[in-house]
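Where a number appears in this text, it was derived from the coordinates with a stated rule and is not lab data. Predicted model only: the values in this text are computed from it and were never measured. Methodologically, a virtual Cβ is constructed for each residue, glycine included, from the backbone with ideal geometry; neighbour enumeration extends over all protein chains shown.
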Amino acid sequence: MAVPQRRISKTRKRMRRSHFKLEVTGLVACPHCGEMIRAHHVCPKCGYYAGKQVIKTGEDK
């Protein structure tokens with residue numbers, strides 16, 4: 001089994017992990033109601049996607 005020859009410094013360890021972080025998902029405003037939604041998803045508030053109503057919600061009834 002491989003064993004490190006020397007201890008890795010805190011700086012080296014942190015430099016290696018600098019890219020290991022969470023990223024914000026792509027949020028866009030719904031063109032119908034203005035609610036912030038994930039890109040390429042149906043709006044849960046109004047039920048519209050690509051300018052067409054695809055699901056019925058409580059607001060439209």
In debye to the nearest 20, the charge dipole size for the chain, taken about the Cα centre with +1 at each Lys and Arg Cβ and -1 at each Asp and Glu Cβ, equals 960
Relative contact order for the chain: what percent, with Cα pairs under 8 Å and sequence separation of 6 or more? 17
Summing -39500 (n - 2.57) over every DSSP H run of at least 4 residues in the chain and dividing by its residue count gives a helix-only mean residue ellipticity at 222 nm, to the nearest 500 deg cm²/dmol, of -3000 deg cm²/dmol
Check the straight Cα-Cα distances from K56 and name the lysines below 22 Å, setting aside those fewer than 8 residues away within the same chain. K45
